Amino acid sequence: MKGIGIYDGDFIQLKEDQNLVRENIKRVLTTVPGERVGNLLFGSRVREYLFNFSHVLLEDLEQVIISAITQWEPRVDIMNIDVVVDEKNQEQVNVDMVLQLKENLDEFNLSIPIVF
């Protein structure tokens, strides 16, 4: 599978398979619903937890992430997900996932730090 990546200094970048999916998942988790013109439902509720982090259950945040990826990135299955508070920075949560491409069953890891 191929697709257009996010602008990063070059005009357009074509990305494939795992790189494309990685970028799309990061885009889903960092976009607030209502923020994307043309698709106001796109995104995740992860930022809702930004200012309430001391009251957040990591299991709730994990479910929000799973729900968003399941809805907006149908090319992957989530094989495993761990959401843990960073030991060095208590205001950061590390999301570590094992994902599997449905197209060819390739598994890969994705780690996303979320700072609150």
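The values are calculated or read from the model by the stated rules, or taken from the named source; none is laboratory data. Here the structure is a predicted model, which means the values were calculated and not measured. Cβ coordinates were reconstructed from backbone atoms using ideal geometry, including for glycine residues, and neighbour counts include every protein chain displayed.
Selection of the range 23-50 for residues being touching a residue at least 40 places away in the same chain (Cβ under 8 Å) and of a type outside the set (D, E, K, R) yields N24, I25, V28, L29, V46, Y49, L50.
Any residue in the range 51-74 that is under 15 Å from the mean Cα position of the chain (by Cα), part of a loop (DSSP other than H, G, I, E, B) and touching a residue at least 24 places away in the same chain (Cβ under 8 Å)? Yes, the range 51-74 contains at least one residue that is under 15 Å from the mean Cα position of the chain (by Cα), part of a loop (DSSP other than H, G, I, E, B) and touching a residue at least 24 places away in the same chain (Cβ under 8 Å).
Could you grab me the full set of residues in the range 1-53 that are among the polar types (S, T, N, Q) and modelled with pLDDT under 65?
At the first step, the residues of the range 1-53 found to be among the polar types (S, T, N, Q) are 13, 18-19, 24, 30-31, 39, 44, 52.
Scanning the range 1-53 gives a single hit, Q13.
Applying the condition of being exposed (fewer than 12 other Cβ atoms within 10 Å of the Cβ), farther than 24 Å from L41 by Cα and of a type outside the set (S, T, Y) to the range 103-116 and asking which residue is modelled with the lowest pLDDT yields E103.
Taking the criterion of being more than 17 Å from F42 (Cβ to Cβ) and surrounded by fewer than 18 Cβ atoms within 10 Å (Cβ to Cβ), would at least one residue in the range 63-72 satisfy it? Talk me through it step by step, then tell me what you get.
Just the residues of the range 63-72 that are more than 17 Å from F42 (Cβ to Cβ), to begin with: 63.
Subset that is surrounded by fewer than 18 Cβ atoms within 10 Å (Cβ to Cβ): 63.
Among the residues of the range 63-72, at least one is more than 17 Å from F42 (Cβ to Cβ) and surrounded by fewer than 18 Cβ atoms within 10 Å (Cβ to Cβ), which makes the answer yes.
Using the structure shown, decide if D82 is in contact with a strand residue (DSSP E or B) (Cβ under 9 Å, 6 or more places away or on another chain), of a type in the set (D, E, K, R), farther than 21 Å from D17 by Cα and not in a helix (DSSP H, G or I). Judged against the criteria, D82 is a match.
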